[in-house]
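The values are calculated or read from the model by the stated rules, or taken from the named source; none is laboratory data. Since the structure is predicted, the reported quantities are computational estimates derived from the model, not experimental observations. Virtual Cβ from ideal backbone geometry, glycine too; neighbours counted across all protein chains shown. Remember, those area values only see protein heavy atoms, side chains included, never the ligands or the DNA or RNA. Shrake-Rupley method; radii C 1.70, N 1.55, O 1.52, S 1.80 Å.
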Amino acid sequence: MTGRATPSVRAEPVEVLEPFDKLRANGKFIYLASQSPRRRQLLEQLGVRHELLLPDADEDAEGIEAVLPGEAPATYVQRVTQLKLDAALERLKRRGLPAAPVLCSDTTVALGRAIYGKPADAADARRMLGELAGRSHRVLTAVAIGTPRRRVQALSTSRVTFAPMSRQQIAAYVTSGEPMGKAGAYAVQGRAAAFISHISGSYSGIMGLPMHETAQLLLSLGFKI
């Protein structure tokens with residue numbers, strides 16, 4: 001990783017939140033409303049106590065990620081993150097769980113104004129990788145942490161450059177299954193690293209949760225990092 005993206009953090013003045021569940025071990029915790037094992041791993045790296053708050057089977061989690069016509073990548077990723085937070089806070093209330101801040105995040109890949117989300121199938125993954133190969137693109141990850149009364153959010157933007165890739169290399173990578181479920185059809189921490197010639201910005205942000213920006217948001221909510 002080279003350099004660091006300049007964090008864009010927006011936060012209202014917040015009150016220090018007290019521990020919400022006395023049954024939990026001495027300290028604050030948050031809910032992580034994400035199915036991504038990478039985000040959980042990165043949160044653990046920060047030493048933040050957390051519990052998963054995953055969608056119910058009848059929730060349209062994928063529908064939240066639909067792109068609006070003409071929507072810019074930065075606008076898109078921040079809007080989707082806020083929608084995820086809306087849904088997670090409602091889920092928390094509906095389940096009657098102990099109160100605690102909820103963390104949501106969304107990552108998208110952008111080539112110019114074109115947004116590359118999760119591939120629909122193998123053919124879509126091959127298309128995306130073919131368009132990204134030999135070029136530089138942006139990876140934008142938005143993070144939001146909120147309670148019913150307070151929200152803070154941040155946006156991390158990094159640049160990734162892919163070396164040229166042959167059709168055979170792309171096909172072999174797609175066959176590995178790694179591109180599925182990943183924005184832009186690749187995982188920077190996986191086999192795709194063999195094709196990445198340059199990174200500028202936040203490696204953890206490219207993975208799905210920018211550590212610096214997330215730590216700053218947690219500090220603003222009274223957490224110790």
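Can you give me the convex hull volume of the Cα atoms of the range 170-221, divided per residue and expressed in Å³? Walk me through the numbers on the way to the answer.
On the way: hull volume 4.1 nm³, N = 52.
Measuring per residue, one finds 79 Å³ for the Cα hull of the range 170-221.
For the range 92-147, go through all pairs of different Cα atoms, get the mean of 1/r, take its inverse, and jot down that Kirkwood value in Å. If you can, show how the numbers build up before the last one.
Working: mean 1/r = 0.0716 Å⁻¹.
Evaluated on the range 92-147, it is 14.0 Å.
Sort Asp106, Asp58 by accessible area with a 1.4 Å probe, largest first. Could the numbers behind the result be given before it?
Numbers: Asp106 10, Asp58 135 Å².
So the residues, ranked largest to smallest area, are Asp58, Asp106.
Once Rh is set to the Kirkwood radius over Cα pairs, what Stokes-Einstein translational diffusion coefficient, in µm²/s, holds for the range 122-177 at a temperature of 4 °C and a viscosity of 1.567 mPa s?
Here the translational diffusion coefficient equals 95 µm²/s.
Rg(Cα) of the range 83-186 divided by 2.2 N^0.38 Å? Intermediate values should be presented prior to the final figure.
Values: Rg = 17.4 Å, N = 104, 2.2 N^0.38 = 12.8 Å.
Rg over 2.2 N^0.38 Å, computed on Cα atoms: 1.35.
Quick one: plug the Kirkwood hydrodynamic radius of the range 42-113 (C-alpha pairs) into Stokes-Einstein at 4 °C, 1.567 mPa s, and report D in µm²/s. Could the numbers behind the result be given before it?
Numbers: Rh = 14.0 Å.
In µm²/s, the coefficient is 93.
Within the chain, how many lysine pairs that are 8 or more places apart, or on different chains, have C-alpha atoms less than 30 Å apart?
Going through the chain pair by pair, I get 14.
Hey, got the dipole for the chain? About the Cα centre, +1 on K and R Cβ, -1 on D and E Cβ, debye to the nearest 20?
520 debye
Calculate for the chain the 222 nm mean residue ellipticity that helices alone would give, adding -39,500 (n - 2.57) per DSSP H run of length 4 or more and normalising by residue count, nearest 500 deg cm²/dmol. Mind dumping the intermediate values first?
Working: 6 runs with 67 residues, N = 225.
Mean residue ellipticity, 222 nm, calculated: -9000 deg cm²/dmol.
Express the carbon and sulfur contribution to the solvent-accessible surface of the chain as a percent, rounded to the nearest whole number, probe 1.4 angstrom. Write down the numbers at each step before the final one.
Details: 5720 of 11060 Å².
That share works out to 52 percent.
Compute the FRET efficiency between Glu51 and Gln189 as 1/(1 + (r/R0)^6), taking r as their Cβ-Cβ distance and R0 = 22 Å, and round to the nearest 0.05. Write down the numbers at each step before the final one.
On the way: r = 24 Å, r/R0 = 1.08.
The value I calculate is 0.40.
Taking the Cα atoms only, what angle lies between the long axis of helix 122-132 and the longest principal axis of the chain, rounded to 10 degrees?
80 degrees
With contacts defined as alpha carbon pairs under 8 Å and 6 or more residues apart, what's the relative contact order of the chain in percent?
Averaging sequence separation for qualifying contacts and normalising by length gives 27 percent for the chain.
Please turn the phi angles of the range 204-220 into ³J(HN,Hα) values with the Karplus equation 6.51 cos²θ - 1.76 cosθ + 1.60 (θ = phi - 60°), one per residue in order, whole Hz, x for glycine and proline.
5, x, 5, 5, x, 8, x, 5, 5, 4, 5, 4, 5, 5, 5, 4, 5
Under a crude label model (7 Å from the Cα following the beta-carbon direction), how far is Ala123 from Glu62 in nanometres?
About 1.6 nm separates the two model spin labels.
Between the alpha-carbon centers of the range 165-223 and the range 109-127, tell me the distance in whole angstrom.
14 Å
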